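Any read-out appearing in this document is the output of simple, stated calculations on the displayed coordinates, not a laboratory observation. Bear in mind that the values here come from a model prediction, so they are computed numbers and not experimental data. Quick reminder, even Gly has a Cβ in these numbers, built from the backbone with ideal geometry, and neighbours come from all protein chains shown.
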Amino acid sequence: MTTVEELIHRAYLNKLVGEDGLRIVENIPGEEITDERLAELTGISLNTVRRTLYLLYEHRLAVYRRKRDPDSGWLTYLWQLCPENFDKALQSETKRLLRKLDERLYYEKENIFYACTEGCARFVFDEASEANFVCPFCQGSLEYMENAKVVETIERQMIDLKACL
Ligand SMILES: [Zn+2]
């Protein structure tokens, strides 16, 4: 995985299952593992581990198999990740991010920006002009702000993202 892929992967999972969930996923090995073992490995409560696993299951990112212990009769749940579905989920997440960046790029290119010299906020020309180029937050002055760097950053992020598809 490239760094960008890794970042999307982490951000996506973080949104889906949270910090603890991310740690749980990172501890699921290539083969099957029980929820109890995952709780041991991560030090995260069994309840949280189970909640995370079912959430992954609902999103088709994990599957489980039940096994009955012949002596005790207890059921054990053996869990596994679904790597192909992870790939698909990441692909659509990448496309979603690209669409957002594309909108942002358009906005940056279509507007002229003014920013408060005290650093409060940035405004598009119409907003700045309506405020008579005075910052509504601190009464400081609003000055023209070059956004070539912002555009460049967005374009670079888009290239990196496209490389993940
Ligand atoms: Zn200000």
Selection of GluC sites (Glu not before Pro), the range 98-165, meeting DSSP coil and at most 14 other Cβ within 10 Å: 118, 146
Along each principal axis of its Cα atoms, how long is the range 57-165 end to end? Whole angstroms, biggest number first, please. 80, 32, 18
Between residue 76 and residues 5 or more places away or on another chain, which pairs have amide H atoms under 5 Å apart, with H built 1.01 Å from N, and which residues are they? 67, 68, 69
Of 132, 27, 14, which is the most mobile in a GNM of the chain whose springs link Cα atoms less than 10 angstrom apart? 132
What does the net charge come to around residue 49 if you take all other residues with beta carbon closer than 9 Å to its beta carbon, with K and R at +1 and D and E at -1? -1
Which residues' amide hydrogens lie under 5 Å from the amide hydrogen of residue 121, considering only partners 5 or more residues apart or on another chain, with H built in the peptide plane? 116
Counting only C-alpha contacts under 8 Å and six or more residues apart, can you give the relative contact order of the range 16-165 as a whole percent? 17 percent
Please say if the range 1-40 is rounded, prolate or oblate, where rounded means a/c under 1.5 for a ≥ b ≥ c the square roots of the C-alpha gyration tensor eigenvalues, and otherwise the choice is prolate for a/b larger than b/c and oblate otherwise? oblate
Estimated translational D of the range 1-101 in µm²/s (Stokes, Kirkwood radius over Cα pairs; 25 °C; 0.890 mPa s): 170 µm²/s
Using a ≥ b ≥ c from the Cα gyration tensor of the range 93-151 (square roots of the eigenvalues), is it rounded, prolate or oblate, where a/c under 1.5 gives rounded and otherwise the larger of a/b and b/c decides, a/b for prolate? prolate
